[in-house]
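Working notes, structure below.
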Amino acid sequence: MDFEARRTDYEAEGIDPATFDASPFVQFDAWFAHAVESKVDEPYAMVLSTVDAEGRPRGRNVLLRGVDDRGFVFFTNHRSAKGRALAATSVAALTFHWYALHRQVHVEGTAVEVSAEESDTYFASRPRESQLGAWASAQSTVLDSRALLLDRLDEVTARFEGQDVPRPEFWGGWRVVPDRVEFWQGQPSRLHDRIRYDRSGAGWARAILSP
């Protein structure tokens, strides 16, 4: 494959550090809103990177389901590979890549479980099919055949027929509480703009990074 022929030219407008908000959360909200308004593909998608108890790293795409000044929230099966890794080490990184805008946001921090009430509220908002799927899938475990998964789905569908589907005790949310957030904007000649926020006491320190 000719990778040189597939290179990307970055021609986006640069970013002025002086215009960046003192809070990375406020700045993220602005960039995220722009991504949504620009109709980029999957603006909520983020790569969640974890390290398990054996030191093995792993990344996968998940969906952002909430963000405020406490951190970035997503939901999953706590018995999944990512759930076990987060429970073992409590460290996580997130990467948002909005390709059409030549923008990335990197987040590093500590993962903590959200409250049961917050998980209940989000689970109740999901489509019923997704709620049943959460019960049917023993996420990350070996599956002998898809037919078995569909059999499990039929079983839980029958079990909860005519009633609300409760949240499984093994399913819930995680909040990545950041201590570092970096904003990246592609620029010509690979001289990209990078602005990093590092937690400093009750506030944040900002720095401009070399590309």
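Structure notes:
- Residue exposure sequence - 60, 196 - by fewest surrounding Cβ within 10 Å: 60, 196
- Of 176, 107, 67, the one that fluctuates the most in a GNM where the chain has Cα springs shorter than 10 Å: 67
- From the largest down, the chain spans 58, 49, 39 angstrom on the principal axes of its Cα atoms.
- Applying the criteria of a DSSP loop state and at most 12 other Cβ atoms within 10 Å to the GluC sites (Glu not before Pro) of the range 1-71 yields 11, 13, 54.
- Loop-resident GluC sites (Glu not before Pro) (DSSP state other than H, G, I, E or B) in the range 117-211 with no more than 15 further Cβ atoms inside 10 Å of their Cβ: 161, 169.
- Taking a Cβ cut-off of under 12 Å around residue 199, the surrounding Lys, Arg, Asp and Glu residues balance to a net charge of -1, with basic ones at +1 and acidic ones at -1.
- Springs between Cα atoms under 10 Å define the GNM used for the chain, and in it the highest mean-square fluctuation of 85, 93, 147 occurs at 147.
- Against the main long axis of the alpha-carbon atoms of the chain, helix 24-37 sits at an angle near 80°.
- Pair-distance profile P(r), taking every C-alpha pair of the range 14-59, with 5 angstrom steps and integer %: 5, 17, 15, 17, 16, 13, 10, 6, 1
- Rounded to the nearest 10 degrees, the angle from helix 146-159 to the longest Cα principal axis of the chain is 70 degrees.
- From least to most packed, judged by other beta carbons within 10 angstrom and beginning with the fewest, 84, 56 follow the order 56, 84.
- The per residue volume of the convex hull around the alpha-carbon atoms of the range 40-146 is 138 Å³.
Since every read-out is calculated from the coordinates, none of them should be taken as a lab result. Since we're looking at a predicted model, the values are computed, not measured. Cβ: placed from backbone, ideal geometry, glycine included. Neighbour counts: every protein chain shown.
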